[in-house]
Amino acid sequence: MRVLIVEDNTATLYLLKRILRISDCEISHFSRAEQALKALSTIQPNLAIVDIQLAGQLTGLDFIRTVRKSGDTMPIIAITAYALQGERQKCMDAGGDEYVAKPFNVGNITELLQKYMTASV
C-alpha cells in the first residue's frame, strides 16, 4: 500500500513512519501541502495522512479540499494537535475520511491503517 504523509512535525513523522513500515507500506513524505499536491499524480497513493496545521501557504484542510475537488477519492486521515470542539467537523467538511487528535494512540492509527489496507485489496 502506498501512503502519502503530509506532516511537518518531526516527532509525529517519525512515529507514523515506524507504524507504516511495520505494515510494509511504501511511504512518501512532504512537509508542505504544496509539494504534496504537485507529487500526487506521480505517487498515486492509496491513502493520505495529513496534518491540518502545516507550514507554508496551504493548510492540511486546503490540501484535502484540493484533492477532493480534483475528484480523487483516496481515503484521507486528518491529524491535528488542535483537538478543539468543531475541529473534527471541519476536517470532515473538507473531505477527510477520518480524524485523529494528537497525541494519538498507536493502536488507533494501526487500526485505521488495517481498515484501509483491507479496503484497497
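Computed from the coordinates by the stated procedures, all read-outs in this text should not be read as laboratory data. Predicted, not measured: the structure shown is a model, and the values here were computed from it. Glycine gets a Cβ as well: all are built from the backbone with ideal geometry, and neighbour counts include every protein chain shown.
Values as computed for the structure displayed
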quantity: Between the stretch 44-70 and the stretch 104-118, the alpha-carbon center distance in angstrom; calculated: 19
quantity: Computed magnitude of the charge dipole of the chain (debye, nearest 20; Cβ of K, R +1, Cβ of D, E -1); calculated: 60
quantity: Sequence of Ile79, Ile43, Ile49 once ranked by neighbouring C-beta atoms within 10 Å, starting from the fewest; calculated: Ile43, Ile79, Ile49
quantity: For the stretch 24-94, radius of gyration divided by Kirkwood radius, i.e. Rg to Rh on alpha-carbons; calculated: 0.94
quantity: Summed residue charge, Cβ within 14 Å of Ile27's Cβ, Lys/Arg positive, Asp/Glu negative; calculated: +1
quantity: All aspartates and glutamates inside 12 Å of Lys90 as judged from Cα atoms, apart from same-chain residues fewer than 8 positions distant; calculated: Asp62, Glu98
quantity: The stretch 16-21 - phi-based ³J(HN,Hα) in whole Hz, Karplus 6.51/-1.76/1.60, Gly and Pro as x; calculated: 4, 4, 4, 4, 5, 5
quantity: The stretch 1-74, relative contact order [Cα under 8 Å, separation at least 6], %; calculated: 37
